[in-house]
Amino acid sequence: MGNRTPDLLIANEALYHLSYGPKPVGEARADSGPPVGLSRKPPATTDQPRLAIVRPRRYQAARSAGRTMDAILNFLEFVINALLTLVIWIIVAYAILSWLISFDIVNVRNRFVYRASHFLEAVARPILAPFRRLLPTMGGLDFSPIILFIVIGGVQRYLLPPLFAWLHTVLGGGAAG
């Protein structure tokens, strides 16, 4: 009839290439081999049966465990980045609210303002305390939040990515996400 592929192996290889597409230049994919059970070598003639390479199940289980570990590490990196960003936002809110209170724009007798300032101070003060000990007093100006922002930005940009890339290679066995 001509509307079907006579060889199932050729059809599977065609579907594999259609679903995964070409690799971008300079980038290697973790799944660069043929699909399980398929060989890339064409047979000598179409009358001879093809020998398929079947990967053991333990290889597939290890690969699946590597993907799971990669997902866990990616999630852990996301949570740490989100917590560091949350600390930045809490410090910004603490600074703005302290300015609003000191310039008498808002009043701490307001129940919401009192609770918000009490919460922000309870969270921000222990975080800023080590930086306040290091910095000298400069005429009533507090530069400890700025130093904290620089440190957190450095951790997020220069420490976490290499740390998690290393963890991916050690624990995940796959490529970093």
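All of the numbers you see were taken from the coordinates with simple rules; none came from a lab. Predicted model, so just to flag it, every value in this text is computed and none were measured. Neighbour counts run over all protein chains shown; Cβ positions are idealised from the backbone, glycine included.
When I147, I72 are arranged by Cβ crowding within 10 Å, least crowded first, meaning fewest neighbours, the order is I72, I147. Taking amide H as placed 1.01 Å from N in the peptide plane, V106 has its amide H under 5 Å from the amide H of I101, each at least 5 places away in sequence or on another chain.
In a DSSP loop and with at most 14 other Cβ atoms within 10 Å, the chymotrypsin sites (Phe, Trp or Tyr not before Pro) in segment 111-177 are F143. Give, as a single signed number, the net charge of other residues whose beta carbon lies under 14 Å from the beta carbon of E77, with Lys and Arg counted +1 and Asp and Glu -1. With Lys, Arg at +1 and Asp, Glu at -1, the net is 0. Which distance in nm do the two modelled labels at A65 and T137 give, with both placed 7 Å along the Cα-to-Cβ direction? Here the modelled spin labels are 5.9 nm apart. Taking a point 7 Å from the Cα of I101 along the Cα-to-Cβ direction, the residues of segment 112-137 with backbone N closer than 20 Å to it are 112-133. With K and R counted +1 and D and E -1, the other residues having a Cβ less than 12 Å from that of I90 yield a net charge of 0.
As a proxy for reagent exposure, ranking L83, L97 by other Cβ atoms within 10 Å from fewest up yields L83, L97.
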